[in-house]
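Working notes for the structure below.
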């Protein structure tokens, strides 16, 4: 993944491999608040405070309560721990709970960035399949039964129930209730990673696992990265007090405390809630348009026998190609066409995912999404034709909605329709509004 | 340590337990630069860049080169990794190099904050004594021989050669050369932690181990915490490329990258090198005055049979009490007198340090240093008298330089002589210049 990201830094590459938010619309008023916080009032005192409390500043805890309340979730201050981004939240969960050889359950596919944390602490990761309603609870029960018979107690289940990374699916309300019931009956800790929940583009919000459980068996992980600014590297853990206390000690050893500078920025930005809410609405509008472009681009560029998920929110969708193809090999070929994606194997610990890929639609403008998907489609066609030649099979078919390659699909936010060549690559302001 | 720090947050407690820099003199021009960087020019783009490179921004690497050059140490860009504070640097060293049961060598006493990192990764820590010239190289050789005979290869030696935390001693030039020679002959990795080296108040600077070794067997850890602002949480590792690459992957799993916000602040502050240098001179002047107050306060407040180190720089000194006393017990009593220190056992993994303590002079003003040391002295006398009664021994003696308790010692920076009661507690601007 790291080497991949380095390659995708090249300006000529359209990267659908990232998980980047687009921050081009960050409101100037908010930046002014930040600058003011750095120079007057209590901000400088706090920003320059050498080390804040390990658990984070009180004003940041208040901002977290606001964000979690938007998801209908209550949290006590004594349950909160500010972390250096969502990544550290996962790392601290593992550092605190995992002994070498411990079984950890996760969705298959799961967040590729969680895998190095699991393996760094030598967890034995078992990944359970999802369908369009999220994690399959029947498989979970089966696995728990098998583990129980073998005398193995899993340390926790790691799940991203809403707009899952990388699959783009959302766990249904019924399954959420089932999962929380299982957690309580079997005393199974559930780690609910929730970086994207406020980025919903359609459908009704669903309750968090944490709110259904009341905070007994669910450890909730959040982050400001996707709803304010990722560069701040501020996330959080909401955990039962005894667990939070252990994690607090783990964090002390990891980096003492998260940067005061970033915490003062969050304090400044959350002083004006309507401004933050309107920024969030703006971000959602932009991402929704890009998701729609990606869905229609895929429909036009991909051969029959290809499928993908249709996320109601978040940043990603998951594309499954014909079984003959291997997306790790395909990536090497795609990079020569200056387009990148995350090969599916990166989302598994056990070699699965070979003919799937994750594509991101939040960090790239509509033109580049369209062009990037077109390039991937061309590589897929080319490889399938090659495979067909070798195997003596029929060439791949274009879909019924086929158009000449290079034509733009009809999209909602298309003021620049036809302006493809005039727009420099990798600009991220396709919605001037 | 964490619980201790929480108690010392109480405003009535004079805490000599911290390791805090005093940032009250942070120049307004530098704050203005920071605010400007947040709102105009390339700063906002970089600050808002969702994720920077894991190894850190190029401008921060340049600032690190400047800082290391001040210590006479060259470093290539490909050897640098920006970390989330000096603490994460230690954590990444352990995460990357230590497997459970591995032997790690360290000074005894060592930095109390390193111990949780060592133990989190289940290192077998062996601590070697120091004298006034730093780590005893004869003991190191003896230990290496014993380990060699037992077929054990230590993963690394962790050392703070300059103004050691907590002992306040500095490794002599001769020992530095011996250590580097041993490292090369025996292929022993040395982790040189160097947070305080630029805070020298007297004597000539000594070359870093890294500069003597040329970067083959020495991993150098640095931080901006003590020379700019600890709240930024930015430190670094300079390591041989292959090791740096492994640590880079470890950091990816730990927190993806350090905050862009903090990195942009560092870029802004290092644009004006003379301003940074004059800030550093100001800090050094203030700390030197406080060190002198602490030395003279100890001479007046402590009984015979007590000794302490005389640091040429840094933030700490190490006090050794008569063996009859236990500083962990003494701390409980001292907290009732509203004064705190770090009991010596916190600096060992093996129970040593029972009659020693670490005291900090950088984060507390001169009046509070004087008053805090007086209170500690009173508790020490009281406990020794109690012990003498029980054991039928003579009462403890005051030193020849004894003065009535509560009187101020003669100090160099004493414009407030006699003004004790007029100055509010815990102010930190005893040097108006």
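Each value in this text was obtained by applying a stated rule to the coordinates, not by laboratory testing. Bear in mind the structure is a predicted one, so any value in this text is a computation, not a measurement. Cβ: placed from backbone, ideal geometry, glycine included. Neighbour counts: every protein chain shown.
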### Task
Output the Cα-based Rg and Dmax of region A:72-180 in Å, rounding Rg to one decimal and Dmax to a whole number.
14.4, 39
### Query
Among the DSSP beta bridges whose two residues both lie in region B:28-271, what percent are antiparallel, rounded to the nearest 5?
40
#### Entry: Debye-sum result for region A:192-307 in log10 I(q)/I(0), which assumes one identical scatterer on each alpha carbon, at q = 0.11, 0.20, 0.22 Å⁻¹
-0.55, -1.22, -1.30
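Jot down the per residue volume, in cubic angstrom and as a whole number, of the convex hull over the alpha-carbon atoms of chain A.
Cα convex hull per residue, to the nearest whole number: 149 Å³.
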### Query
If you rank A:84, A:73 by fewest surrounding Cβ atoms within 10 Å, what's the result?
A:73, A:84
### Residue exposure sequence - A:172, A:258, A:194, B:262 - by fewest surrounding Cβ within 10 Å
A:172, A:194, B:262, A:258
### Overall form of region A:275-363 per C-alpha gyration tensor (a/c, 1.5; a/b vs b/c)
prolate
### Message
If I take the Cα coordinates of region A:217-256 and project them onto the principal axes, what are the three extents in Å, biggest first?
### Response
30, 25, 8
### Query
So what does log10 I(q)/I(0) come out to for region B:180-255 at q = 0.20, 0.21 Å⁻¹, using the Debye formula with one equal point on every Cα and no solvent?
-0.98, -1.03
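Please tell me the relative contact order of region A:103-250 in percent, rounded to the nearest whole number, where contacts are Cα pairs under 8 Å and at least six residues apart.
Computed value for region A:103-250: 19 percent relative contact order.
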### Summary
Among beta bridges assigned by DSSP with both residues in the protein assembly as shown, the antiparallel ones amount in percent, to the nearest 5, to 55
### Query
Just the Cα atoms of region B:28-271, one point each, no solvent: what log10 I(q)/I(0) does Debye give at q = 0.08, 0.09, 0.11 Å⁻¹?
-0.30, -0.38, -0.56
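To two decimal places, what compactness ratio does the protein assembly as shown give when its Cα radius of gyration is scaled by 2.2 N^0.38 Å? Provide the component values of the computation, followed by the final result.
On the way: Rg = 29.3 Å, N = 866, 2.2 N^0.38 = 28.8 Å.
Against the compact-globule rule of thumb, the ratio is 1.02.
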### Query
What relative contact order, as a whole-number percentage, does region A:262-364 give when Cα pairs under 8 Å and 6 or more residues apart are counted?
24
### Message
Can you give me the distance in nm between label points at residue A:382 and residue B:390, each placed 7 Å from the Cα along the Cα-to-Cβ direction?
### Response
8.3
### Query
Remind me, relative contact order of chain B in percent, using alpha carbon pairs under 8 angstrom and six or more residues apart?
23
#### Entry: Residues B:398, A:291, A:374, sorted so that the one with the fewest Cβ neighbours within 10 Å comes first
B:398, A:374, A:291
#### Entry: Dimensionless Rg ratio for region A:354-400, taking C-alpha atoms and the 2.2 N^0.38 Å reference
1.41
